[in-house]
1. Using a 1.4 Å probe over the heavy atoms of the protein chains, calculate the carbon and sulfur portion of the accessible area of region 20-157 as a whole percent.
2. Sorted from largest down, give the three principal axis spans of the alpha carbons of region 1-136, whole angstrom values.
3. Quick one: how many Å² of residue 122 are accessible to a 1.4 Å probe, rounded to 10?
4. With r as the distance between the Cβ atoms of residue 261 and residue 202 and R0 = 51 Å, compute the FRET efficiency 1/(1 + (r/R0)^6) and round to 0.05.
5. Convert each backbone phi in region 64-70 into a coupling constant with the Karplus relation 6.51 cos²θ - 1.76 cosθ + 1.60 (shift: θ = phi - 60°), then list the ³J(HN,Hα) values in order as whole Hz, x for Gly and Pro.
6. Keeping all protein chains in position, work out how much accessible area residue 281 exposes to a 1.4 Å probe, and write it in Å² to the nearest 10.
7. Where does helix 270-281 land angle-wise versus the long Cα axis of the chain, in degrees 0 to 90, nearest 10?
8. How much mean residue ellipticity at 222 nm does the chain get from its helices, if each DSSP H run of length 4 or more adds -39500 (n - 2.57) and you divide by all residues, to the nearest 500 deg cm²/dmol?
Amino acid sequence: MSCRIQGKLKTRGERATNPIAVGDYVLLQKQDGEKTGLITERLERRNSMVRKSVNLSKETHVVAANLDRAFLIATVAQPATSTGFMDRFLVTAQAYQVPVTIVFNKVDVCPENSAERDQLEYLEGVYHTAGIPTLRTSATTGEGLDELTRELAAAGVNLLSGHSGVGKSTLINALLPGVDLRTGEVSDAHQKGKHTTTFAEMFPLSTGGFIIDTPGIKGFGLVHLERDHLHHYFPEIFAKLEGCKFHNCLHRNEPQCAVKQAVEDGEIAEERYLNYIELYETFESNSYR
């Protein structure tokens, strides 16, 4: 059924590009012999993934709502996903109470005894230390697809997100034969993907649960978060706070900081700590990574 939004939903105080997002539950009235509907109310959201809108007249863009899990699709090569982008995504998910699994896709381009495989294993270690589960997949060889299918079915409503070019649409085509999403090549010049998905869409899984496919995300700008609370959204950093000399320690220049000591001892990955520091220092700049 084709539906339109009742006007008042667009102006009820939210500064968002989309008052209704994929995953929302709504109330609607049927119209025109039940061929169309009017959305009269959006029910309260359990959670959502929200990022800064690229539309400067708005504040936020709701990527999806009412999620059981988000699967962040990342790649080590062709193209490489930066940990800065990954940690922005993870901070937002932690803040909005959305569990995340990182899916390292295109592992077929990470052969044994290669720099790419070393980087893959390094990143897995970084995020395992942070308590974040990871999977390996390849739509080309089929590696990890059965495990990913089981994880998706168990979770319920799943968001699949990531940079353009990480193979998200190809993965979904492998998981859902017959959907036939458009796929794109990675630019040789810039090693960046080209957008193929143009709007968010939800698909049912035959094994149970749903996939929400979203357009490739260039950057993930943070919104509605306080800079001095950023360390709350790095679980492995926040867990060390009680060991710091000061209860409001920001783990930057403060003496007797348990977090900095944990980094030196290898209990917290230096990559995550450095991303936290950079994110803290650039928080007001509205920069995307």
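The values are calculated or read from the model by the stated rules, or taken from the named source; none is laboratory data. Since this is a predicted model, take the numbers as computed values, not measurements. When we count neighbours, we look across all protein chains shown, and the Cβ atoms used for this are built from the backbone with ideal geometry, even at glycine. Quick note on the areas: whole protein, heavy atoms, side chains included, nothing else; ligands and nucleic acids left out. Shrake-Rupley method; radii C 1.70, N 1.55, O 1.52, S 1.80 Å.
1. 46
2. Taking max minus min along each principal axis of the Cα atoms, region 1-136 gives 63, 30, 26 Å.
3. For residue 122, solvent-accessible area is about 100 Å².
4. On the way: r = 45 Å, r/R0 = 0.89.
It comes to 0.65.
5. These are the phi-based 3J(HN,Hα) values: 6, 9, 6, 9, 8, 6, 10 Hz.
6. 120
7. Compared with the principal axis, the helix lies near 70 degrees.
8. Values: 7 runs with 70 residues, N = 289.
So the helix-based figure for the chain works out to -7000 deg cm²/dmol.
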